[in-house]
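Asker: My structure is below; once you've seen it, I'll send some questions.
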Amino acid sequence: MMAKYAAVFQLQLRATRVYRLNWVFSILCVIVPLLGLLLFWRAVYSASPGSQLRGYTIRDMMTYYLIARLVGDAVSAEWWEIGQNIRDGKLHLFVIRPIGYVGYYFARMLGTNVPSLIVTLGMFTPIIVGLAALDMLSVASGWSLLLFVPSLIAAVVLGFLIGMASQLTAFWTGEMQGMESLRRVLTGVLMGAYFPLDLLGPGLRSIASYLPFYYQLYFPTELLIGKRTMPQVGLGLAIQALWIVLLVLLVRTLWSRGMRRYQSVGG
Amino acid sequence: MDFVLRFIAGFAEFGVLLALYGLAAEQVGVPHGWTLPRLAVLLGAAELVQILFSTTCSSLYELPSYVFDGSLDNVLLLPMSALAVLSFGRIRWDYLPQIIAPLGAIVWGIAEGGIVATGPQWIAFGVAIAAGWTIRWAVTATVMSVSLIAVRIEALAYFLQEVFGLARYPASIFPSAFRVVTLIVPVAFVANVPFNVLASAEWVTVALLAVAVAAVWIGIAIYAFGRCLKSYCGVG
């Protein structure tokens, strides 16, 4: 059974390599805004050297955005076509196939994100080396570094499930562009894509920590920077696992209830 | 409802960036030579050009899909400029209300930033914004024309969006060599130049330069599209 999904993963890997130029530009889309952000914060901190922004020094801020972009690239899973397939009645083309719909898209996402992450990491290497040479990098060591890997894997799964749950609401809603735009902005804020959640202040940050978006990007990033104690890392990993379980249940519920009301006409 | 949600999303995203600038200014500082109100004007100008572009020219991003599925042939058969149809064929009026936020930021920034602009300067600012929008269109049209030669370059459109996203930052934060690049790939003309029209003593020169660069890029876009179209072969 897993062979089907492995085949989808390999097909997506090959599809990624077919249009290489398109793929390279999609990776450059991550690097350009990162450079802008790093240069901007360097200019901001140079106004008062040694200062901190809610506990973030210039090293912390630079490292945060670098790691957040890498993690964000790994956990991104935007599948507009899922909602489109539901609204256009083309979902039947998938459900008649001997492969689970959600599993199919998960394998596709891995086929896109895994090579993208590897190449992005390669392209980030000069930036990482440059920041390290300027003593602008603060990365954890030891157990935190090791625990970053399962945290990142959990974040990838979380990102996929959140995106899938959002798209499956198309069974009940009409045009989704506005909802998707608002979701993208809200989740971007809540997962720390725009700025470290510490900048929100302790109250709002605490509220954000109860939501799954927090563990999609912010938690693994903070873990790698070394801003988490071991007990906090353990708790965070457990909460990531809990959210994965809850979101799997949510996606399964949305799928089964959505399929009961789904209609498709034509061949 | 969808329109309202999109409006809120645009407003929220702009507000997040402005709030971040404000927090940084309050607790750390701002780039040398700038103040928070002036950054608000810059951010507002960049967002204004982006919204105008999204309202009028977002259909340009669909050129690769037109080439891919062959529907470009239908456009080429029309008795009008194909570039004009591809660029302005679908006006998204629903984006236009989002200019409220950047206009508000510009007005607030002008009032709080101590920028005293005369009537002619405001007119020149409008001209510079129009030039920035024109340049944005022309660069996008030039780059998207590549899809007539190389199929599947949708990511190039997103890459271009990210490049023009750099317009929201002061040009002074970039290293000197890169600042020259922002004039060649004229990101600087989207927001930094219109800002200088309001805040600089040489605003007439700056405004005329913006118009000249826009005219050059119009020529480049028309030439590039025509050149790439010669390589296009539709199968109907």
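Any read-out appearing in this document is the output of simple, stated calculations on the displayed coordinates, not a laboratory observation. Note that the coordinates shown come from a computational prediction; the quantities given were computed from them, not determined experimentally. Cβ placement follows ideal geometry from the backbone for every residue including glycine, while neighbour counts extend to all protein chains displayed.
Asker: With a cap of 14 neighbouring Cβ atoms within 10 Å, and only residues DSSP puts in a loop, list the trypsin sites (Lys or Arg not before Pro) found in region A:175-267. Walk me through the numbers before you get to the answer.
Answerer: Working: sites: A:Arg183, A:Arg184, A:Arg205, A:Lys227, A:Arg228, A:Arg252, A:Arg257, A:Arg260, A:Arg261; in loops: A:Lys227, A:Arg228.
Here no trypsin sites (Lys or Arg not before Pro) fit, given the DSSP loop and packing criteria.
Asker: Given 10 Å bins starting at zero, what is the percent of C-alpha pairs of chain B in each, up to the one with the largest pair distance?
Answerer: 8, 30, 33, 20, 7, 1, 0
Asker: Can you give the longest run of chain A that contains no chymotrypsin sites (Phe, Trp or Tyr not before Pro) sitting in a DSSP loop with at most 11 other Cβ atoms inside 10 Å?
Answerer: Values: sites that count: A:Trp172, A:Tyr210.
In chain A, the maximal stretch lacking such sites is A:1-171.
Asker: Find the Rg to Rh ratio for chain A, where Rh is the Kirkwood radius over alpha-carbon pairs and Rg uses the same atoms. Working shown, then result.
Answerer: Working: Rg = 19.8 Å, Rh = 19.9 Å.
Rg/Rh for chain A comes to 0.99.
Asker: Please order A:Leu182, A:Leu235 by the number of other Cβ within 10 Å, starting at the fewest. Walk me through the numbers before you get to the answer.
Answerer: Details: A:Leu182 20, A:Leu235 13.
Sorted ascending by nearby Cβ count, the order is A:Leu235, A:Leu182.
Asker: With a 10 Å Cβ neighbour count serving as the proxy for reagent exposure, in which order, fewest first, do A:Met179, A:Met109, A:Met191, A:Met123 appear?
Answerer: Going from least to most buried by this count: A:Met123, A:Met179, A:Met109, A:Met191.
Asker: Shape of region A:1-58 from its Cα gyration tensor (a ≥ b ≥ c, root eigenvalues): rounded if a/c is under 1.5, otherwise prolate when a/b > b/c, or oblate?
Answerer: On the way: a/c = 9.19, a/b = 2.59, b/c = 3.55.
Judged from the Cα gyration tensor, region A:1-58 comes out oblate (a/c at least 1.5, b/c at or above a/b).
Asker: Could you give the Stokes-Einstein D for region A:55-162 in µm² per second, using the C-alpha Kirkwood radius, 10 °C, 1.306 mPa s? Present the calculation step by step, with values, prior to reporting the outcome.
Answerer: Values: Rh = 16.3 Å.
This corresponds to a translational diffusion coefficient of 98 µm²/s.
Asker: Separate question: Please list 3J(HN,Hα) in residue order for region B:22-34, calculated via the Karplus relation 6.51 cos²θ - 1.76 cosθ + 1.60 where θ = phi - 60°; whole Hz, with x for glycine and proline.
Answerer: Values per residue, Gly and Pro as x: x, 5, 4, 5, 6, 9, 10, x, 10, x, 4, x, 10 Hz.
Asker: Sticking with this structure for a sec: Please state, to two decimals, what the Cα-based radius of gyration of region A:128-265 comes to when divided by 2.2 N^0.38 Å (N = residues). Don't jump to the answer; show the numbers that get you there.
Answerer: Details: Rg = 17.6 Å, N = 138, 2.2 N^0.38 = 14.3 Å.
Cα-based Rg divided by the globular estimate yields 1.23.
Asker: Here's a follow-up. Per the Kirkwood definition applied to all pairs of different Cα atoms, how many angstroms is the hydrodynamic radius of region B:61-189?
Answerer: On the way: mean 1/r = 0.0576 Å⁻¹.
When all Cα pairs of region B:61-189 are included, the Kirkwood radius is 17.4 Å.
Asker: For chain A, with the dipole built from +1 on Lys and Arg beta-carbon atoms and -1 on Asp and Glu ones, taken about the Cα centre, which of A:Tyr214, A:Gly100, A:Ile153 lies farthest toward the positive end?
Answerer: With unit charges placed on the Cβ atoms, the residue in question is A:Gly100.
Asker: Right, here's the next one. Stokes-Einstein D for region B:126-236 at 4 °C, 1.567 mPa s, Kirkwood Rh over Cα pairs, in µm²/s?
Answerer: On the way: Rh = 14.9 Å.
It comes out at roughly 87 µm²/s.
Asker: Still on this structure: Set Lys and Arg Cβ to +1 and Asp and Glu Cβ to -1, take the dipole of region A:128-267 about its Cα centre, and tell me which of A:Gly258, A:Ser181, A:Gln240 lies farthest positive.
Answerer: Final value for the positive-end residue is A:Gly258.
Asker: Under 5 Å between amide H atoms, partner at least 5 residues away or on a different chain: which partners does B:Val185 have, H built in plane at 1.01 Å?
Answerer: Close amide H contacts, sequence-distant or interchain: none at all.
Asker: Over all distinct alpha-carbon pairs, what is the Kirkwood Rh of the protein assembly as shown in angstrom? Don't skip to the end; give the middle numbers.
Answerer: Details: mean 1/r = 0.0408 Å⁻¹.
Final number for the Kirkwood radius of the protein assembly as shown is 24.5 Å.
Asker: What's the center-to-center distance, using Cα atoms, between region A:246-260 and region A:96-132 in Å?
Answerer: Comparing the Cα centres of region A:246-260 and region A:96-132, I get a distance of 25 Å.
Asker: Given N residues in region B:1-95, what is its alpha carbon radius of gyration divided by 2.2 N^0.38 Å? Display every interim value, and only then the final one.
Answerer: Working: Rg = 19.0 Å, N = 95, 2.2 N^0.38 = 12.4 Å.
Against the compact-globule rule of thumb, the ratio is 1.53.
Asker: Excluding B:Val185 itself, calculate the net charge of residues whose Cβ lies under 13 Å from the Cβ of B:Val185, where each Lys or Arg counts +1 and each Asp or Glu counts -1. If you can, show how the numbers build up before the last one.
Answerer: Details: positive: B:Arg136, B:Arg179; negative: B:Glu162.
So the surrounding residues net to +1.
Asker: Placing unit charges on C-beta atoms (Lys and Arg positive, Asp and Glu negative, everything else neutral), compute the dipole magnitude of the protein assembly as shown about its Cα centre in debye, rounded to 20.
Answerer: Details: 31 positive and 22 negative charges, 217 e Å.
In total the dipole reaches around 1040 debye.
Asker: Then there is this: What is the ratio of the Cα radius of gyration of region B:1-55 to 2.2 N^0.38 Å, with N the residue count, to two decimals?
Answerer: Working: Rg = 13.3 Å, N = 55, 2.2 N^0.38 = 10.1 Å.
Relative to the rule-of-thumb radius for its length, region B:1-55 sits at 1.31.
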